[in-house]
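A short write-up of the structure that comes next.
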Number of protein chains: 2
Amino acid sequence: MNIYDVSKKAGVSIATVSRVLNGNPNVSEKTRARVLEVMEDLGYTPNVFARGLGLGTIQTIGIMCSDSSDPYLAHAIYYLERDLRINGYDSILCCTGTSLETKRQYFDLLRSKKVDAIILAGSKFIEPKARDNSYITDASRDIPIMLVNGYLEGENIYCTLCDDRTATHRATGQLIASGCRRILYLYTSHSYSGTNKLKGYRDALLGHGLSVREEYIHQCEKDVIASRDLLLKLHEDGLFFDAVLTSDDALAVGAVKYAHKTERSIPDDLSIVGYNNSVYAVCTDPELTSIDSKVEALCTTTINTLMGVFNGGNVPSRTTIAADLIKRATTKF
Amino acid sequence: MNIYDVSKKAGVSIATVSRVLNGNPNVSEKTRARVLEVMEDLGYTPNVFARGLGLGTIQTIGIMCSDSSDPYLAHAIYYLERDLRINGYDSILCCTGTSLETKRQYFDLLRSKKVDAIILAGSKFIEPKARDNSYITDASRDIPIMLVNGYLEGENIYCTLCDDRTATHRATGQLIASGCRRILYLYTSHSYSGTNKLKGYRDALLGHGLSVREEYIHQCEKDVIASRDLLLKLHEDGLFFDAVLTSDDALAVGAVKYAHKTERSIPDDLSIVGYNNSVYAVCTDPELTSIDSKVEALCTTTINTLMGVFNGGNVPSRTTIAADLIKRATTKF
C-alpha cells in the first residue's frame with residue numbers, strides 16, 4: 001500500500017495527496033477531508049507517506065550511472081551531487097556498468113537502503129523491451145524515479161531530456177548548408193538519446209532531399225583510437241565522406257586524428273562535429289565544433305523537479321532542454 | 001572514549017584491540033584477557049567498538065573529492081566505489097571544492113552520518129598549517145581516515161601515495177638524456193603531490209649539474225587553454241625552452257597547442273611530458289608521453305588497506321606505489 005492507493009481510492013492526483021500531507025493550502029477543504037478520510041480507512045500514518053516527500057526520511061538519494069569515469073557522466077554526477085547537497089540531501093553513488101543484471105542488482109541495493117529517490121544518470125538504463133524495465137516502474141510506486149536524458153513512461157517517473165534530435169537535425173542541416181553532401185554518422189549506442197540523435201541526422205538528410213545511406217552510419221566504441229581506426233578503415237575501403245557527425249566528442253577527436261593521418265584538411269576537405277562540448281572539444285587542433293548537451297541544466301532541472309515532487313508540487317513528468325551548437329574550427333559554419 | 005583509550009590503557013596497539021574484538025586467534029591469552037578487562041573497566045560494549053570495525057555498522061564510507069568532474073578524480077571515484085561495493089560497502093560522495101571551510105563542512109557532515117570511514121581522494125585536502133588539519137586528526141580517533149595521494153601523519157590515518165617525486169625525477173632525467181637543457185615545469189598546485197613532483201624536477205636538474213631557474217617554473221590553472229596561453233606569453237617574452245614537463249595532462253595538451261600555434265616541431269624542437277596518462281594523452285597529435293600515476297592501483301590499495309583496518313589487521317600507515325612513464329610521440333626517448 002502506498003500513496004498511489006490513496007490517490008486512487010480518493011480519486012485525486014498524487015500531487016494532491018502530497019499537498020495534503022505537506023499542509024499546502026492549495027487544496028480545497030472538501031478534497032483535504034476526503035484524502036484524510038481515505039488515509040484513515042487504509043490505516044496510513046503520515047510517517048509512511050513522508051517517505052519520498054522529504055519528511056522524516058533518510059534524506060539520501062541513490063544515483064546510478066553506468067560509468068562515473070566517462071566525462072559526460074562525471075560532470076553529471078558532479079552537478080547532481082552539488083544540487084542535492086544544496087537541498088540538504090546526501091547521495092549514494094553506484095557505478096553499475098551496462099548489463100541489465102548489474103543495473104538491477106544496484107537498483108535493488110539502493111531500494112534496500114531506503115533511499116528517498118533514485119536518479120538514473122545517462123540514457124543507458126532503459127531497455128528496448130518493456131518487461132526489462134518493469135523493475136523500475138514497479139519501484140516508482142514507492143519512490144520517485146528520476147531519469148537524466150533517458151525516457152520511460154510511468155507514474156512517479158520524471159524525465160529530464162536534452163533535445164538531441166533537434167540538435168543533430170540542426171547540425172546536419174548546417175553541414176549541408178556549408179556544402180557537405182556525404183555526411184558520415186558515428187554513434188556509440190542505441191540508447192534513447194542515441195536513437196534520437198540518429199533520427200535527427202536521418203530526418204535532416206531527407207528534409208534536404210538527400211538519401212540516407214546505411215554505409216554512412218556506423219557504430220563505434222566510445223574511444224578516440226577506435227574511432228580513428230574505424231575512419232581509416234572506411235577510407236581504405238574507398239568510402240568517400242566530406243563530413244563526420246558524431247554522438248560523442250571522443251569519436252570526433254578520433255575523426256580529427258584520422259584527418260591528420262590521411263592529411264585531409266579540416267574543415268576545407270572534412271568537417272567534423274562533436275557532441276557534449278566536453279573537455280575533449282578544445283584538446284584538438286583545430287578545436288571541435290560540438291553540440292553542447294547542457295548537462296548542468298539537465299542535472300539542475302532533475303533536482304529541482306525532484307524537490308518539487310517531495311514538496312507535493314505539480315511537476316511535469318517530462319522536461320526537454322534545447323542543446324546549443326558551439327561553433328569552433330572543425331566546420332565551415 | 002574510544003578504541004584508542006582501550007589501546008592506551010591496556011598498553012597494546014589498536015590493531016591488537018581490533019584483533020581481540022574480531023576474535024582473531026593471533027593474540028596471546030594474556031593480552032586478550034588484559035584488553036577485555038580494560039574494556040570492562042571503561043564500560044565499553046563490543047557494539048561501540050564495532051563502529052569502524054565492520055561489525056554492526058552502517059557499512060557506508062564517505063568519499064570526499066574536490067571536484068568529481070576532474071578526469072583523475074572521476075577515475076578515482078569510479079575505482080573507489082567499485083572496490084567498496086565488492087567489499088559490501090556503500091559510498092556517500094561529497095564534492096567539496098577546495099576551500100578549507102567547505103572541506104571541513106563536508107567532513108563534519110559525513111561524520112554526523114556515522115560513516116565507517118572517510119576517504120579523502122586527491123591531494124587537495126591537507127593544508128600546510130598543521131592546525132588546519134586538526135579536524136582530520138581529531139576524527140581519526142573515532143574512524144579510519146584514508147588518504148589517496150595525500151599525506152598526513154597520525155594514528156588511524158592511512159595514506160596510499162604515488163611516488164610522484166621519483167616519477168618527475170626520472171622523466172626530467174630522460175628529457176636531459178635526450179638533449180633537452182631548458183626544461184620548463186608547469187604545475188597546478190602546491191599540494192603534497194604537487195610539491196613532490198616539483199622536488200623530483202629540481203633534484204633531477206641538480207643531479208645532472210644543471211641549475212634550477214625560477215623563471216622556468218610556473219603555476220597554471222588546470223586548463224588546456226590557460227596552459228597554451230601561458231606558454232605563448234612566455235614565448236613572446238623571449239623565454240627559450242626546449243621541453244615542457246607538466247603536473248597534469250591538461251597542461252601538456254596546452255603545450256601541444258602552443259607548439260602548433262608557434263609552429264614549433266614536436267619533439268624535435270620541443271619535448272612535452274604529461275602527467276596522469278589520462279584520456280587527454282591520446283587526444284593530441286602527436287600523442288602525449290605521460291606519467292601514469294596508477295590511479296586504479298592507488299584506489300584498490302586504499303580499499304584493501306581499509307578492509308585490513310576493519311579486520312584488525314596490522315596494516316601499514318603509508319603505502320607508496322611507483323608510477324610508470326608511458327612513452328608516446330611528444331618526446332625523443
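The values are calculated or read from the model by the stated rules, or taken from the named source; none is laboratory data. Fair warning: this is a prediction, and the values are worked out from it, not measured in the lab. Reconstructed Cβ throughout: ideal geometry from the backbone, glycine too, with neighbour counts over all protein chains shown. Ligands, DNA and RNA are stripped out before the accessible areas are found, and what is left, the full protein with its side chains, is counted by its heavy atoms. Shrake-Rupley method; radii C 1.70, N 1.55, O 1.52, S 1.80 Å.
Divide the volume of the convex hull around the Cα atoms of segment B:168-327 by the residue count and you get 114 Å³ per residue. A point 7 Å from Cα along Cα→Cβ stands in for B:THR319, and the other copies hold the same point at 4.3 nm, listed in rising order. Semi-axes of the equivalent ellipsoid of segment B:160-206 are 19, 11, 7 Å, computed as sqrt(5λ) over the eigenvalues of the C-alpha gyration tensor in descending order.
The mean accessible area for residues of the protein assembly as shown, using a 1.4 Å probe and ignoring ligands and nucleic acids, is 40 Å² per residue. Taking the chain by itself as reference, segment A:276-303 contains these residues with an accessible-area loss of 30 Å² or more in the full protein complex (1.4 Å probe, heavy atoms): A:VAL279, A:TYR280, A:VAL282, A:CYS283, A:ASP285, A:GLU287. Karplus-derived 3J(HN,Hα) values for segment B:301-308, using 6.51 cos²θ - 1.76 cosθ + 1.60 with θ = phi - 60°, are 5, 4, 5, 4, 4, 4, 5, x Hz; glycine and proline are entered as x.
Which FRET efficiency value, to the nearest 0.05, do you get for A:TYR4 and B:THR98 by plugging their Cβ-Cβ distance into 1/(1 + (r/R0)^6) with R0 = 41 Å? Display every interim value, and only then the final one.
Details: r = 45 Å, r/R0 = 1.09.
Once the sixth-power term is evaluated, E becomes 0.40.
Based on C-alpha pairs under 8 angstrom that are at least 6 apart in sequence, chain B has a relative contact order of 18 percent.
For segment B:194-245, what does the alpha-carbon gyration tensor say about shape, rounded, prolate or oblate, given a ≥ b ≥ c as the root eigenvalues, a/c under 1.5 as rounded, and a/b over b/c as prolate? Oblate, because a/c is 1.5 or more while a/b does not exceed b/c. With an a/c value of 1.5 or above and a/b not larger than b/c for the gyration tensor axes a ≥ b ≥ c computed over the alpha-carbon atoms, segment B:181-221 is described as oblate. By the Cβ distance rule of under 4.7 Å, chain A has these cysteines without a partner: A:CYS65, A:CYS94, A:CYS95, A:CYS159, A:CYS162, A:CYS180, A:CYS220, A:CYS299. With only Cα atoms counted, the protein assembly as shown has Rg and Dmax values of 27.9, 89 Å. Residues of segment A:251-269 that bury at least 10 Å² of accessible area when the other protein chains are present, relative to the chain alone (probe 1.4 Å, heavy atoms, ligands and nucleic acids excluded): A:VAL253, A:LYS257, A:HIS260.
Kirkwood hydrodynamic radius, computed over distinct alpha-carbon pairs, for chain B: how many Å, to one decimal? Write down the numbers at each step before the final one.
On the way: mean 1/r = 0.0467 Å⁻¹.
Its Kirkwood hydrodynamic radius stands at 21.4 Å.
Values of log10 I(q)/I(0) for segment A:251-330 across q = 0.22, 0.26 Å⁻¹ run -0.91, -1.12, by the Debye formula with one identical scatterer at each alpha carbon and no solvent. Counting protein heavy atoms only and a 1.4 angstrom probe, how many square angstrom of accessible surface do chains A and B bury in total, to the nearest 100? So the total buried area for this chain pair works out to about 2800 Å².
Each other copy holds its own label point for B:ILE217; taking that point as 7 Å from Cα along Cα to Cβ, the gaps run 5.8 nm, nearest first. Taking the protein heavy atoms of segment A:79-204 in the context of the full set of protein chains, the accessible area attributed to carbon and sulfur is 45 percent at 1.4 Å. In this structure the amide hydrogen of A:ILE291, modeled in the peptide plane, comes within under 5 Å of the amide hydrogens of A:GLY274, A:TYR275, A:ASN276, A:ASN277, A:ILE326, none closer than 5 places in sequence on its chain. Under 5 Å from the amide H of B:THR320 lie the amide H atoms of B:LEU161, each residue being 5 or more positions distant or on a separate chain, with H modelled from the backbone and absent for Pro and chain starts. For A:ALA226, the shell of other residues with beta-carbons less than 12 Å away shows a net charge of 0, using +1 for Lys and Arg and -1 for Asp and Glu.
Relative to the longest principal axis of the Cα atoms of chain A, helix A:100-112 runs at roughly 30 degrees. Projecting 7 Å from Cα along the Cα-to-Cβ direction, the label point of A:GLY238 sits 6.0 nm from its equivalents in the other copies, listed shortest first.
Could you give the dipole magnitude of segment B:203-275 about its Cα centre, charging the beta-carbon of Lys and Arg +1 and that of Asp and Glu -1, in debye to the nearest 20?
Values: 7 positive and 14 negative charges, 24 e Å.
Dipole of segment B:203-275, to the nearest 20 debye: 120 debye.
Of the beta bridges in the protein assembly as shown, as assigned by DSSP with both residues counted there, near 10 percent are antiparallel.
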